[in-house]
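Here's the structure we're looking at; comments come further down.
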Amino acid sequence: MTQRRIIHIDMDCFYAAIECRDDPAVADKPVGVGGSSGRGVLTTCNYIAREYGCRSAMPVFKARELCPHLVLKPVRFEVYKAEARKIRKIFRDFTDLVEPLSLDEAFLDVTETPGYAWQIAREIRKRIFATTRLTASAGIAPNKMLAKIASDWRKPNGQFAVLPEEIAAFMETLPVRKLWGVGPKSAARLAEWGVETCGQLQAWTHTRLHAAFGEKWGDTLYDLCRGRDERPVEVSRPRKSLSTENTFNRNLETLDACRAQLPTLLGDLDADLRRQPSVRNFHKVFVKLKFANFRTTTKECPATTLDEALFQRLLEEAFERSPHSVRLMGVGVRFAEPALPDRDQLQFDFAS
């Protein structure tokens, strides 16, 4: 079997980098992108802002506490999408096997592309900069998991490769939190068991992994901690969900106040679904609430229509989970299950 050559390209602070490019006066200042209201959150920020502790998904008021001179730019998704289209066009000059993960990152399978993967990655990054004046980082490896880990190794504007013969040594000291599917809660639980590196997790038998994580996710972890990942680059990635949400200027104090928001949210969701007829067939619906203490809960159930009465019931059950008022409310639908459903069902971070 031919050894795959996978490149993971990750743009450096994509949204913030575009804002700094388009407004050179702020290029050497801490810049964040996000909502300007008191209830807004940062979508992203540049590296200067990160030095002050700012990060994605942080409330704007908190970011301003950490960095009072933060320059906040409004989100311009149409601009970011236009730049992403230019970048994806560059990708397809090198291979048709491109799997976008978001606007600012993608996997490329260059197994059949002539030349060394390292040089291909350098040329892609060079062309991205020539076309957009934006920098990108790259990871090169025999599989997707390692390529994604490697792209973060020399950020910003760098690249790193994990060669097949280097995998065993690389995995020995790699923190388990770097593994695909292992989130902060999973990593914390593993740390309680004395497992912080992949080398330590390699000492676990299949039996012990099955007991802790279930059979299928346990088997997956057994391979991942050894640097094995057989997932192919998927040119067409099925959408898993579609949702719409609103952060309120003033918290919703009562269930009735939340109920009053449902028709508008459901109307927006229905309109979004109508614009995407290829994904009209969903199999679950959900309600999402974020409370005043920033805790989030989601309540879902099987359904194939946007039944307002059903959403009302889900809302009531979600609302009862906290005594706090509601700062954000959303509704959504879920489509086909991901390729490895048991990962989401069995990992510690799964929350219903």
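The values are calculated or read from the model by the stated rules, or taken from the named source; none is laboratory data. The shown structure was predicted, so the numbers you read here are calculated from the model rather than taken from an experiment. Cβ sites come from the backbone with ideal geometry, for glycine too, and all protein chains shown count toward neighbours.
Quick notes on this structure:
- Total residues in the stretch 143-156, condition over 18 Å from Cys198 (Cα atoms) and outside any helix (DSSP H, G or I): 3
- Residue within the stretch 78-89 that is crowded, with 17+ Cβ neighbours inside 10 Å, β-branched (Val, Ile, Thr) and either in contact with a Phe, Trp or Tyr (Cβ under 8 Å, 6 or more places away or on another chain) or at pLDDT below 95 (or both) present: no
- Residues that are part of a loop (DSSP other than H, G, I, E, B), under 22 Å from the mean Cα position of the chain (by Cα) and surrounded by fewer than 17 Cβ atoms within 10 Å (Cβ to Cβ) within the stretch 189-229 comprise just one, Arg228.
- Among the residues of this structure, Lys148 counts as one that is basic (Lys, Arg) and touching a Gly at 6+ places or on another chain (Cβ under 9 Å).
- Scan of the stretch 54-75 for residues that are of a type in the set (D, E, K, R) and free of Cβ contacts under 8 Å to residues at least 24 places away in the same chain, ordered by number: Arg55, Lys62, Arg64, Glu65
- The set of residues from the stretch 243-296 being in a strand (DSSP E or B) and either polar (S, T, N, Q) or assigned by TED's automatic domain parsing to the domain that holds Thr43 (or both) comprises Ser243, Thr244, Asn246, Thr247, Asn249, Asn251, Thr296.
- Number of the exception - Leu101 against (1) surrounded by 19 or more Cβ atoms within 10 Å (Cβ to Cβ); (2) among the hydrophobic types (A, V, I, L, M, F, W, C); (3) within 15 Å of Lys148 (Cα to Cα): (1)
- The number of residues in the stretch 35-50 being over 21 Å from Lys148 (Cα atoms) and assigned to a loop (DSSP other than H, G, I, E, B) comes to 6.
- Within the stretch 1-34, the set of residues being over 23 Å from Leu146 (Cβ atoms) and surrounded by fewer than 17 Cβ atoms within 10 Å (Cβ to Cβ) comprises Arg21, Asp22, Asp23, Pro24, Ala25, Val26, Ala27, Asp28, Lys29.
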